[in-house]
Amino acid sequence: MVDAARAPDAVAPPDAAFVPDAALDRDAALTPDAGRPPDAAHPPDAALTPDAAVERCENTADDDADGLADCDDPDCFLTPRCLPTAEICNDGRDNDLDSRTDCCDPACTDDPACPGGNAPPYTQAELQAHLTVWCGGCHMGEQRQSGLSLDAPFTDKTVGVQSAQVPGLALIEPGDRLRSFLWLKVAGRQREVGGGFGDMPPRDRLCADEIERLGGFIDALVD
């Protein structure tokens with residue numbers, strides 16, 4: 001006969017007196033922030049979000065916030081879109097990467113899109129397309145430096161709208177390029193009216209033909 005007093009676990013039946021890990025869950029104790037919801041303990045780090053700081057090279061935005069957008073950003077130099085090609089004379093881009101764009105490039109001298117000194121004013125559609133290329137990285141979408149937005153239609157945000165840098169001038173004064181801060185800034189003449197020293201666009205300055213066609217667009221506007 002088995003002595004009941006000496007039988008194993010006679011006092012406490014198995015699993016009754018001690019349940020493994022009931023008082024201390026070893027894995028839970030060693031897990032950081034155990035007991036707190038993951039998002040509350042460690043909110044996702046925006047800087048580590050996939051592609052959050054990757055230049056996308058085709059959306060006119062400075063995605064990685066380094067001051068350079070699309071093909072101007074070294075991150076994009078080897079992407080197919082940013083490799084040198086023959087200059088296209090009416091797309092607002094420096095396709096052959098020689099720092100001269102469209103009709104400012106000697107490669108376009110005889111192109112029908114470049115009628116020499118008699119270049120007509122830009123149409124609004126042409127100018128909107130060019131502004132997207134020239135200024136989109138700084139003044140379109142979420143990028144609105146100096147409070148200036150050139151999103152389509154750019155005329156809604158510029159014509160008759162006061163300049164933040166020179167409050168006495170409109171960004172575009174219909175019929176008068178010399179009273180239009182946007183034109184003065186592009187032409188490098190903003191200091192004549194008390195504007196800052198930074199020209200626009202900061203890279204690949206516009207040539208005389210492009211500046212004149214922009215001025216012609218402004219001069220042709222009517223209230």
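Residues that are surrounded by 18 or more Cβ atoms within 10 Å (Cβ to Cβ) and either among the basic types (Lys, Arg) or closer than 19 Å to Ala113 by Cβ (or both) within region 197-208 comprise just one, Leu206. I'd like the full set of residues that are surrounded by 17 or more Cβ atoms within 10 Å (Cβ to Cβ), in a helix (DSSP H, G or I) and of a type outside the set (S, T, N, Q), limited to region 181-192. Within region 181-192, Phe181, Leu182, Trp183, Leu184, Lys185, Val186 qualify. Test Thr158 against the stated conditions and say whether it is crowded, with 18+ Cβ neighbours inside 10 Å, touching a strand residue (DSSP E or B) at 6+ places or on another chain (Cβ under 9 Å) and modelled with pLDDT of 90 or more. Spelling it out, Thr158 is indeed crowded, with 18+ Cβ neighbours inside 10 Å, touching a strand residue (DSSP E or B) at 6+ places or on another chain (Cβ under 9 Å) and modelled with pLDDT of 90 or more. Within region 93-116, being under 22 Å from Arg81 (Cα atoms) and touching a residue at least 40 places away in the same chain (Cβ under 8 Å) holds for Arg93, Asp94, Ser99, Arg100, Thr101, Asp102, Cys103, Cys104. Residues of region 97-135 that are in a loop (DSSP other than H, G, I, E, B), out of contact with any Gly (no Cβ under 9 Å at 6 or more places or on another chain) and surrounded by 14 or more Cβ atoms within 10 Å (Cβ to Cβ): Leu97, Arg100, Asp105, Asp111, Cys114. Go through (1) under 23 Å from Arg177 (Cα atoms); (2) touching a residue at least 12 places away in the same chain (Cβ under 8 Å); (3) in contact with a helix residue (DSSP H, G or I) (Cβ under 7 Å, 6 or more places away or on another chain) for Asp70 and report which single condition fails. Every condition holds for Asp70 apart from (1).
Taking the criterion of being hydrophobic (A, V, I, L, M, F, W, C) and farther than 27 Å from Asp73 by Cα, the only residue of region 185-208 that qualifies is Val193. Residues in region 153-173 that are β-branched (Val, Ile, Thr) and assigned to a strand (DSSP E or B): Val159, Ile172.
For residues that are in a helix (DSSP H, G or I) and touching a residue at least 12 places away in the same chain (Cβ under 8 Å), scanning just region 140-152, find the one that is surrounded by the fewest Cβ atoms within 10 Å (Cβ to Cβ). Spell out the reasoning first.
Filtering region 140-152 for residues in a helix (DSSP H, G or I) gives 145-147.
In the following step, the residues that additionally are touching a residue at least 12 places away in the same chain (Cβ under 8 Å) were identified as 146-147.
Numbers: Ser146: 13, Gly147: 10.
Filtering region 140-152 for residues that are in a helix (DSSP H, G or I) and touching a residue at least 12 places away in the same chain (Cβ under 8 Å), the one surrounded by the fewest Cβ atoms within 10 Å (Cβ to Cβ) comes out as Gly147.
The values are calculated or read from the model by the stated rules, or taken from the named source; none is laboratory data. Just so we're clear, the structure is a prediction, and the values are computed from it rather than from any experiment. Positions of Cβ are backbone-derived with ideal geometry, glycine not excepted, and every protein chain shown enters the neighbour counts.
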